[in-house]
Amino acid sequence: MTEKDELTEKNELEKPDENLQNEIPDTAAQVQAEMHSEIEISDNITSVTVEKLLSEEIIDADKKDITETAYTTPSKIMAENKTEDNKPKTEDSHNPTDISDSEEEDMLEEEDSIDYDNLSKTELVDAIEKAVTVKAIEKVKRRIGLIKLAFIKISKEEKERKLNEFLAGEGNRKEDYKPEPDILEERFNAAFKIYKKNKKEFEENLTKERDANLNKKKIILDEIKKLIESDEELKHTYDAFKKLQTEWKETGQVPPSETNNLWQSYHFLVEKFLDKVRINEELRDLDKKKNLEQCIELCEKAEELLLNPSINESYKLLQQFHDEWKEIGPLPTDKKEEVWERFRQASIKVNERRKEYFEKVKLERENNLETKTALCENIEELVKKSYKTNKEWQTATDKVLEIQNLWKKLGPVPNDQKDQIWKRFRDAINLFFDSKKEHFEGIKEEYLNNYNLKLDICNQAENIKLSNDWKNATNKLIKLQNDWKQIGPLPKKQSDELWRKFRAACDYFFEKKQEYFANIEEKEKENLQQKLTLIEKVKALSPDSDFKTVFDTIKEYQREFTGIGHVPMAEKEKINNLFRDAVNAKLDEMKVNPLEKKMLSYKSKFENIKSENPYGDVIKNEIRFITNKMTQINTDIQLWENNIGFFANSKNANILKKEFENKIEKAKEELKVLEEKLKFLKTK
């Protein structure tokens, strides 16, 4: 049973009608005095036995305010309620009509099939709007009570939360707070108003009906009085009496304040009528025997209740059996006390069994309270601790969930403690998970930053893995690996995914490097031979051929030369110089424009540098260098041109002027070369 169930836990054991214990006149004389003041009893009616009338259920079966001596005469009532020394008997403590109290009934009250404490505010409003459409007030009264209790709780919590949020604002005061209109609360109040209206109409109609029944039964009593005083023949009065008896039984409830007096009057008049008719003794004995059989059957049923596993059902059936006992007529005198004692003892045992059950329930609930208090303390201890890592939070969370499962398996606690202990447990649970939520919201941004850092490292590794600059690339990958270790944690799924990507890039590079260095000597000799072959091809080019064709061929050889891998370190500089010299010599033979020659030489040199560090900052650094140099040259040209204007017309001045003009001319030529280089680099 959950704690939400405990909040609505009530028992529906039927409470015995308190009217069962309404006092009976102390003496027959009092009753007779009251009746003789209104009527005179005739002794002239004969030939129909009292037993005959009783066997046909002359006692009103609809009233629950009849005692176990309902079938006896007032004089017998007086005799049976006195001891040997003529003192009134004390009330039997084991009387089944006096064995319940409101607390025990709450324990056995059947729970509603819906847990309203788990419904939302909107669902509660929908529930009450549906409930008020039921006109049978007695069927929905408890349900509406549960809905109202749950709605008040959730509304109170919501209002307190909104007020606290308002007070949390700077400068806000409680007296300034104005709650916003609540449409759900307006709907709820409107529905509850309908229920109150229906209930009022139901109670007014019930009051009118009971008043009408009271008047009807008073008329029936008057008619019975007339029959008692009548001198008509027995057949006629007997049939009229049976008809009045049927009307009495079919008449519904009367106001509770009139029930006892009305029944006593009816019972007294019935006894007087039976005395008057003096029913035949044989029929009387026959009816008593029949009544005895019915009482014995009720005794057996009452004894079987001890085997019924349901305490609630046993108690309700016992009340029903007592009602049936009251409707049975008189018994043989020699069996009356015996059979009543048997029935009474069975009732006592049922009640003792019920009492033992409630004592056991009480003890269990007290034990549950102790256990739940210990669970609250455990949760509160977990709340006090500080958790820094996700693992620590997960361990604590597992403990909290385990405690919650234990709580759910425990039964209810005493009613006066259930709200308090549940609030304590719920508050501790909420505080723990609020703290956990705050922690994980704090590390969410850290996770995002860590993810971006590791993703950037993966991208860098993907670029570096293609490099043939083994030394620089190796150093960079090692640095990236160290950087990876310094980055904080990630969720396992993301961490594993990025790690696989990073490791694959590293493995690719180092496997390629290992493969390269395994055959490096042979590969470098092969590369050297290929470059020597290209040099010979350059030398073999005919200078008389079309310039563009030769120039494009030289560029193609240059790209091919750059694409060939490393050569033995001792031959590296020599082979590069041989290639440049061959290219320059061929261009000199063809009388190539100096600018084109410089650009071809620059491109060859640049490609060699780039091949050694293909993914470094070569292009970016070269562009920055050329841009800065062009800025400086333009500044120098402007300065030199300004200075020329200050030279006087003299022999020495003309020499200086000529010198500055040569500088300016060379600077402009250099500027053209730099512009071509910059244009070339920006295409890369």
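Summary table
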quantity	calculated
Selection from the stretch 370-420 of residues that are closer than 25 Å to PRO489 by Cα and part of a loop (DSSP other than H, G, I, E, B)	LYS385, SER386, TYR387, LYS388, THR389
Test result for ASN415, surrounded by 14 or more Cβ atoms within 10 Å (Cβ to Cβ) and of a type in the set (S, T, N, Q)	yes
Residue that is nearest to the chain's Cα centre (by Cα) [pool: residues in the stretch 330-361 that are surrounded by fewer than 14 Cβ atoms within 10 Å (Cβ to Cβ) and closer than 30 Å to GLN417 by Cα]	LYS360
Subset of the stretch 144-168 that is over 22 Å from GLN420 (Cβ atoms) and of a type in the set (A, V, I, L, M, F, W, C) - its residue that is surrounded by the most Cβ atoms within 10 Å (Cβ to Cβ)	ILE147
Among the residues listed as GLU352, GLU402, the single one being in the same structural domain as GLU313 (by TED's automatic domain parsing), at pLDDT 90 or above and more than 25 Å from GLU157 (Cβ to Cβ)	GLU352
Condition met for GLN345 (free of Cβ contacts under 8 Å to residues at least 40 places away in the same chain and within 30 Å of GLU293 (Cα to Cα))	yes
Some residue of the stretch 434-455 being under 18 Å from the mean Cα position of the chain (by Cα) and in contact (Cβ under 8 Å) with a residue 12 or more places away in the chain	yes
Close pairs from the stretch 375-395: first under 21 Å from PHE425 (Cα atoms), partner assigned to a loop (DSSP other than H, G, I, E, B), Cβ under 8 Å, at least 6 apart	TRP393/TYR387
Filtered residues of the stretch 612-625 (kept if modelled with pLDDT under 55 and either part of a helix (DSSP H, G or I) or farther than 14 Å from ILE464 by Cβ (or both))	GLU612
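Every residue, every condition in (1) touching a Cys at 6+ places or on another chain (Cβ under 7 Å); (2) closer than 26 Å to ALA136 by Cα; (3) among the small types (Gly, Ala, Ser), yes or no:
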| position | (1), (2), (3) |
| --- | --- |
| GLU158 | no, no, no |
| GLU165 | no, no, no |
| ALA168 | no, no, yes |
| GLU209 | no, yes, no |
| LYS218 | no, no, no |
| ASP222 | no, no, no |
| LYS249 | no, yes, no |
| VAL254 | no, yes, no |
| ASN261 | no, no, no |
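The values are calculated or read from the model by the stated rules, or taken from the named source; none is laboratory data. Just so it is clear, the model here is predicted, and its values are computed rather than measured. Glycine also receives a Cβ, built like all others from the backbone with ideal geometry; neighbour counts cover every protein chain displayed.
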